[in-house]
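All remarks here apply to the structure that follows.
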Amino acid sequence: MKIRLFCVLVFTSFLAIAQDKMPYQIYTHSGQEASFKDILKASEKAEIVLFGEQHDNAIIHWLQLELIKDLKGIFDGKKTLVLGAEMFEADNQVLLNQYLKGEINQKQLDTTARLWKNYKTDYKPLVEFAKLHAIPFIATNIPRKFASLVYKNGFEALNELTPEEKSWIATLPILYDAKLPGYVKMLTEMQGHGGENLPKAQAIKDATMAHFILKNKKEKSTFVHFNGTYHSENFEGIVWYLKQKDPKLKMVTIASVTQEDIIRLNKEHINKADFIIVVDEDVTKTY
């Protein structure tokens, strides 16, 4: 009887999603249905939230904005909200701070800060929310030219940077585990192209983002970080580096995927994160 009732409830849920034409569905790490409210509750208690995105997905960018809006309302001065993003490189922190304080205008930021091509549609709303509410926004990524150096010449190339340039990356030498599944998969998918330095270039990004998250994390705060979903999937990447520094950190990870059918989580996405947001693959991309 219990099994039959469970099957009826599951079928009813699937039917409701299909009939309502929902563009996304949220699941737990094990593939159980969840809601945005579940993400919000978990994020409220976390020290760090890693919100993994697909960079061109409008639904995910909207949910990112909704999450920080709701957290700001919940905290209401009782707790601090800090934001950070892969999409800003650490050497542009001064420019970003100047914009948030109103010391430079949008045009000045546009022409000097190496903004991503989808900044206006996807990241500007996050920055404007931070500006409106005086919320710190941290540029966490390594300058791309230094990641390129690692790709070409390995970690050793970073030793030649000036003290100022080293202040824009993770503290050297960084830990590196070439056997982490994500880095192994990267080499496999690229069929060896790029050699052993390819995952190292990824690792220096992960390590640097983790470094600036920890550096700017405050007491009684939640740091919400926006990054490509592959940087925190399977509890690796940024997560791995954060745990090397503090294994007791209270973290929530969110992964983003697309599927043809969103009424169940595909097996390959199980355990990618604490929460997995599945977006219908027919949703229009932002670029």
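The values are calculated or read from the model by the stated rules, or taken from the named source; none is laboratory data. What you are looking at is a predicted structure, and each value in this text was computed from that prediction instead of being measured. Here the Cβ positions follow ideal geometry from the backbone for every residue, glycine too, while neighbour counts run over all protein chains shown. What goes into the accessible areas is simple: the full protein's heavy atoms, side chains included, and nothing from ligands, DNA or RNA. Shrake-Rupley method; radii C 1.70, N 1.55, O 1.52, S 1.80 Å.
Computed values, structure above
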quantity: Modelled FRET efficiency - R0 35 Å, Glu66 with Met190, Cβ distances, 0.05 increments; calculated: 0.50
quantity: Under 19 Å from Lys250, Cα to Cα: lysines that are on another chain or at least 8 residues apart; calculated: Lys37, Lys41, Lys45, Lys72, Lys78, Lys79, Lys215, Lys217, Lys218, Lys220, Lys272
quantity: Where labels lie 7 Å past Cα in the beta-carbon direction, separation of Ser35 and Ser148 in nm; calculated: 4.8
quantity: Ile270 versus Lys45: modelled label distance in nm, points set 7 Å from Cα along the beta carbon direction; calculated: 2.5
quantity: Net +/- balance of residues flanking Thr162 in space, Cβ distance below 14 Å, scoring K and R +1, D and E -1; calculated: -2
quantity: Positive minus negative residues near Arg114 (Lys, Arg vs Asp, Glu; Cβ under 11 Å); calculated: 0
quantity: Å² per residue, accessible surface of the chain at 1.4 Å; calculated: 52
quantity: Label-point gap, in nm, between Lys107 and Lys79 - each point 7 angstrom along Cα→Cβ; calculated: 4.2
quantity: Gained length - Leu249 relative to Lys21, 0.36 nm times residue gap less alpha-carbon distance; calculated: 78.3 nm
quantity: Rounded percent of accessible protein surface that carbon and sulfur make up, the chain, 1.4 Å probe; calculated: 55
quantity: Gyration tensor verdict on the range 148-287 (Cα atoms; rounded if a/c is under 1.5, prolate if a/b is larger than b/c, oblate otherwise); calculated: oblate
